[in-house]
Amino acid sequence: MRSIRFAALCLAAAPLLVAHPPLAAAPRQPDLRVAVQLAKVQRNGKWFVNMRFTVHNAGLVPAPQSVLGAWCRAVNGGPCPGIVPKPEYKLGPPAVGAGSPVVELRTPMIGAGGSAFVLGPQWMEWPNGGYTITARADFPNHIPESNEANNEATAAIVIP
């Protein structure tokens, strides 16, 4: 009887062991994110906007070469200016709600945890008004990523 009580006491005092399923491994995919930097410049009384996009790979593996899409939308005033054609980029149809064609800019391969700067297109003179510039990394979603929902960023600028 004593041995039964002792065994019961040992079982009660022992830590409870539970089998857990193995943790899922983090996806071994790139994860592209973008930031938009805008600067207005006045030349000969006309306004122009310089754009720089920072594409960051927060994933665990390198991201192959891809395309960054960028477009303008006039919030007030406007319209969005025309784009000077250049061989470095191509123009696609406007994005939904955009006032300009989508400018497709080449993005180099980006190592895991790395970033790349992509210079925006050369726009013609900007009329007075408020604008948003939206950029989407991996346009139009050709690279499988661990998070497809964080590829887009928007910045606003007002031309006096």
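For the stretch 116-134, a residue qualifies if it is in contact with a Gly (Cβ under 7 Å, 6 or more places away or on another chain) and over 11 Å from PRO81 (Cβ atoms), and the qualifying residues are ASN128, GLY130.
For PHE53, the stated conditions do not hold, so it cannot be described as out of contact with any Ser or Thr (no Cβ under 6 Å at 6 or more places or on another chain), modelled with pLDDT of 90 or more and either part of a loop (DSSP other than H, G, I, E, B) or farther than 25 Å from GLU145 by Cβ (or both).
Inclusion of ASN141 among residues that are surrounded by 19 or more Cβ atoms within 10 Å (Cβ to Cβ) and under 18 Å from ARG106 (Cβ atoms) is not warranted.
The values are calculated or read from the model by the stated rules, or taken from the named source; none is laboratory data. Small disclaimer: the values here were computed from a predicted structure and weren't measured. Don't worry about glycine lacking a Cβ; one is built from the backbone with ideal geometry, like all the others, and counts go over all protein chains shown.
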